[in-house]
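Trainee: Dropping a structure here in C-alpha cells format, bear with me for questions.
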Amino acid sequence: MTPDADAERHAPADALEPPTPRIPCAILGATGLVGQVFAARLANHPWFELAGLVASERRNGTLYEDAVDWRLPEDLPQEAATMPLESFDSFRLAERGIRTIFSAIPKPLAVSVEAELRTQGFRVFSNAGAHRRDPDVPILIPEANAAHLAWIERQGYPERGFIVTNANCTTTGLALALAPLLPFSIRNVTVATYQALSGAGAAGLERLETMDTAIPHIPGEEEKVAWESKKILDAEFAVSATCVRVPVAFGHLESVWVDFDTDPGESAIRDAWAALSPPAAGLPSLAKPAILYDESDDAPRHDQAFDPESRGMTVRIGRLERDSTQPNRYRFVLLVNNVVRGAAGGSIANAEWFRAKYRVED
Ligand SMILES: NC(=O)c1ccc[n+]([C@@H]2O[C@H](COP(=O)([O-])OP(=O)(O)OC[C@H]3O[C@@H](n4cnc5c(N)ncnc54)[C@H](OP(=O)(O)O)[C@@H]3O)[C@@H](O)[C@H]2O)c1
C-alpha cells in the first residue's frame with residue numbers, strides 16, 4: 001500500500017457527514033442490468049440524489065417502471081419507479097445542476113459520450129471499458145488502489161471534469177483478493193472462471209431459459225483480466241485467465257492459483273483478507289467486509305451473489321489450501337457479484353471515495 005493510501009485509510013469519520021442537500025446525479029443506461037443496480041442503490045442513498053435517468057432515444061418520456069424489464073432479486077425502488085426516462089443531452093443535465101454521472105452504457109457509445117461529458121466538466125464514474133486503457137484514467141477499487149484516485153488531477157481536476165472507471169466484473173473480484181496478498185510477493189496468478197449470463201447484460205440474461213451448457217469463450221475477457229489486474233495492482237507478475245460462461249443468472253466464480261516467492265502460510269493469507277478495509281471510515285457502500293472467508297466445503301456458490309448482509313458488495317472466498325503441485329502455491333475459490341461489486345456498486349463506492357477524499361458537497 002502506498003503512503004498516500006495509508007494516510008487516507010485513517011481519514012476522520014467526522015468529515016463524512018451526509019451533504020445537505022444530497023449531491024444530484026444521473027444514470028446513463030438506466031434500463032440495463034447495471035443501470036438497474038444503480039437505480040436500486042442510488043434511490044435513498046445518503047449522499048446522492050437520483051436526479052436523471054437516461055436511456056436510448058426510444059424511451060424518451062416513458063416512466064422508468066413502464067420501460068424497465070426489472071431483473072434484480074430486490075425491489076424496484078419507488079423513488080426511481082415514477083421518474084421519466086430521458087435521452088442523452090449533456091446541456092440539459094448541466095442546467096439542472098447535475099455534475100455526477102454514473103455510466104452504464106455500451107462501450108462503443110461510451111467512447112465519445114464519456115469524453116464529451118469530461119470535457120464539459122462532469123465527473124464520470126463509468127462501468128464501460130471505453131477509457132480503462134487511458135493512462136490518466138484510473139481503474140479504481142477503493143480498498144485495492146485508493147491512491148489511484150489522484151490520477152484525476154492529471155486529467156485536470158478540479159478545473160476540469162474527469163473519468164474514473166471500475167474494472168471488468170471478473171477483474172474486480174480477482175484484484176480484491178490479490179491486493180492484500182501483494183506484501184507476500186506474488187510471482188504468478190492463474191485463474192479459471194465460471195461467469196454468469198448477466199455479465200453479458202440484459203441480452204445475456206435472456207439466454208437463461210435456453211442455455212444448458214458452458215461456453216469456454218468470452219470474447220476479450222481473458223486479456224482484460226490480465227492487463228486490468230496489472231494496472232490496478234501496479235503488478236509485475238503475470239496473470240493467466242481462462243473465462244467460461246455458465247448458465248446461472250448472477251455472480252462470477254473464480255478458481256485462483258497463486259504462486260508466491262516464499263510460503264506465506266495459510267493463516268497469514270486469511271488474516272490479510274480479513275484486514276482489507278475501505279480507505280476512509282464512513283463510506284456508505286463499503287461498510288461491510290470487503291472479503292468474507294467462508295469455511296464451508298461447498299462455498300462460495302453463485303446463489304450467494306446477493307447476500308443480504310452486503311447486498312452483493314462482499315467478495316466471498318473459500319477453499320483456501322496449499323497446492324502441492326508447486327512450491328509456495330496456494331489455491332482458492334472466490335465469488336464476486338458481477339452487477340453489484342463488479343459494476344454499479346463498485347462505481348458508487350468510487351464516487352463515495354472521491355467525495356470523501358476531495359470533500360465535495362455538490
Ligand atoms: N453486466 C455486467 O456484469 C457488467 C459488469 C461490468 C461492466 N459492465 C459494463 O456496463 C455497461 C452496461 O452493461 P449492462 O450489462 O447493463 O448492459 P445492458 O443490459 O445491455 O444495458 C445497456 C444500457 O445502455 C442503454 N443504451 C444502449 N444504447 C443506447 C443509446 N444509443 N443511447 C443511450 N442509451 C443506450 C440501454 O438503454 P435502452 O434500454 O433504452 O436500450 C441500456 O440502458 C457496459 O459497458 C458493460 O460492458 C457490465
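Throughout, read-outs are computed from the coordinates displayed, never taken from laboratory work. Given the structure is predicted, the values throughout are model-derived calculations rather than measurements. Counting neighbours? That spans all protein chains shown, and the Cβs are built from the backbone with ideal geometry, glycine included.
Trainee: Identify the residues of segment 235-250 with backbone N under 12 Å of a label point that sits 7 angstrom from the Cα of Thr190 along the Cα-to-Cβ direction, or state none.
Mentor: In segment 235-250, the label zone of Thr190 (backbone N under 12 Å from the point 7 Å along Cα→Cβ) covers 240-242.
Trainee: Could you give the distance between the Cα centres of segment 309-362 and segment 163-214, to the whole Å?
Mentor: A separation of 10 Å, based on Cα centres.
Trainee: Using a Förster distance of 30 angstrom, determine the FRET efficiency expected from the C-beta separation of Glu209 and Ala81, and round it to 0.05.
Mentor: The formula returns an efficiency of 0.70 here.
Trainee: When you count, for each residue, the other Cβ atoms within 10 Å and take the mean per peptide, how do 232-244, 27-39 rank with the highest first?
Mentor: The densest-packed peptide leads the list: 27-39, 232-244.
Trainee: Taking only C-alpha pairs under 8 Å that are 6+ residues apart, what is the relative contact order of the chain in percent?
Mentor: 19
Trainee: Taking the Cα centre of each part, how many Å lie between segment 109-158 and segment 232-281?
Mentor: 24
Trainee: Loop only per DSSP, at most 16 neighbouring Cβ atoms within 10 Å: give me the GluC sites (Glu not before Pro) in segment 129-180, ordered by residue number.
Mentor: Taking segment 129-180 and a limit of 16 other Cβ atoms within 10 Å, the loop GluC sites (Glu not before Pro) found are Glu159.
Trainee: Within segment 241-318, report the trypsin sites (Lys or Arg not before Pro) that DSSP leaves as loop and that have at most 16 other Cβ atoms within 10 Å.
Mentor: Answer by residue number: Arg301.
Trainee: Order the peptides 54-61, 291-298 from the highest to the lowest mean number of other Cβ atoms within 10 Å of their residues.
Mentor: Going by the mean number of other Cβ atoms within 10 Å, highest first, we get 54-61, 291-298.
Trainee: Find the relative contact order for segment 169-337 and round it to a whole percent, using C-alpha pairs within less than 8 Å whose residues are 6+ positions apart.
Mentor: This gives 28 percent for segment 169-337.
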